[in-house]
Amino acid sequence: MSIQLAGDVGGTKTALAIIDSELGPRNFLEKATFASADYPSLDALVADFLKGKKWQLARASIDVAGPVVNGRCQTTNLPWVIEEVSLSKELGIPVRLVNDLDAIAHAVPLLESDDLETLSPGAPVKHGALAVIAPGTGLGEAFLEWNGTSYRPYPSEGGHTDFAPSGSMQLKLLNYLMARFGHVSYERVCSGIGVPNLYAFIKDSGIFCEPDWLREQLAAAPDPAPVIGQAALDDKAEIAVATLELFVSILGSEAGNLALKVLATGGMFLGGGIPPRIIPFLKRAEFFHSFQNKGRFRACWPISRSTSSSTPRQR
């Protein structure tokens, strides 16, 4: 028996679990989720999780939303600095930090059909490159290449690349956000922190009015993105529906960009916390139109015919 601590550190929530490596990654001995912002550091959060537990841990593996360099990560959407050395000393066991998209990409080849919701079946090329785009609190991107015996993941910080608008409305969105932020990345418009930016743009543009009940809910919510998303899914407010439609269009466009850059003939996977919650919108025409709308390359690129698009089912 080899008991290990596994963790997934995100800008909004952190999930920790105790696993037995002999039982495989799908069987948790214990599991808990915490609001990341409630803790001053990951060390404090882990200590809270392990309080009163008597597991004899052999090692820990934790993925973090942010770049990991030499065992250290300055988290992008949290005021935390996480270090393997510090956490290892605190726990008394070896600790490995990895980028969250690196972890997701490692898991992709292990996914089974029941784990996925297929958006477009396509005709994947055997051993073709795989792409992963994952909007959660932030926006992560990664890809996998076949090395002759297995898939090797490559994480990136592609979510922080410049937002490239498509169409007049997105051009107006870019100008609107440049006045607020200066630099506008894809994460500013295609993530949990980006949803309120899209909503504010549509509201301030006067395209749709904001209902009083929605204004009250947003004012009371610690995180407005889930409120906006649920109002759109329930078709209760035009401004919310327009926001989610714009989000899905931008996501489809950037997913297509990523597929082109890595020639993802093996498949495109949507991860992160948002896609499993908005599957009805992802199956609409807006997503696929934006994914395939690549100008002169639209009619001839192999991605549009071969790439299977999937997102994990919500558990």
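The values are calculated or read from the model by the stated rules, or taken from the named source; none is laboratory data. The model shown is predicted, which means the values in this text are computed figures rather than measured ones. All Cβ positions, glycine included, derive from the backbone under ideal geometry; neighbour counts span all protein chains shown. When the accessible area is computed, the model is the full protein with side chains, heavy atoms only, and any ligands, DNA or RNA have been set aside. Shrake-Rupley method; radii C 1.70, N 1.55, O 1.52, S 1.80 Å.
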- Query: What is the number of the single condition among (1) open to solvent by less than 80 Å² (accessible area, probe 1.4 Å); (2) out of contact with any Pro (no Cβ under 8 Å at 6 or more places or on another chain); (3) of a type outside the set (S, T, N, Q); (4) farther than 26 Å from G192 by Cβ that I19 does not meet?
  - Reply: (2)
- Note on the structure: Condition set assigned to a helix (DSSP H, G or I) and charged (D, E, K, R), scope region 234-265, selection least open to solvent (accessible area, probe 1.4 Å): answer is E254
- Message: Just to be sure before I move on: is A231 open to solvent by 40 Å² or more (accessible area, probe 1.4 Å), of a type in the set (A, V, I, L, M) and over 20 Å from the mean Cα position of the chain (by Cα) in the structure I sent?
- Response: no
- Item | Residue among V132, V95 that is open to solvent by less than 30 Å² (accessible area, probe 1.4 Å) and free of Cβ contacts under 8 Å to residues at least 40 places away in the same chain | V95
- Item | Residues within region 55-84 that are in contact with a helix residue (DSSP H, G or I) (Cβ under 7 Å, 6 or more places away or on another chain), small (G, A, S) and in a loop (DSSP other than H, G, I, E, B), tallied | 2
- Note on the structure: Filtering region 159-182 down to residues that are closer than 17 Å to S290 by Cβ, open to solvent by less than 40 Å² (accessible area, probe 1.4 Å) and outside any loop (DSSP other than H, G, I, E, B) yields G159, Q170, L173, L174
- Item | Flag if G71 is more than 18 Å from the chain's Cα centre (by Cα), closer than 30 Å to G266 by Cα and open to solvent by less than 60 Å² (accessible area, probe 1.4 Å) | no
- Taking region 112-126 and keeping only residues that are in a loop (DSSP other than H, G, I, E, B) and surrounded by 14 or more Cβ atoms within 10 Å (Cβ to Cβ), one is left with G122, P124, V125
- Here the residues within region 1-54 that are of a type in the set (G, A, S), in a loop (DSSP other than H, G, I, E, B) and at pLDDT 90 or above are S41, G52
- Task: Give just the number: which of (1) open to solvent by 50 Å² or more (accessible area, probe 1.4 Å); (2) touching a His at 6+ places or on another chain (Cβ under 8 Å); (3) charged (D, E, K, R) does E187 not satisfy?
- Result: (1)
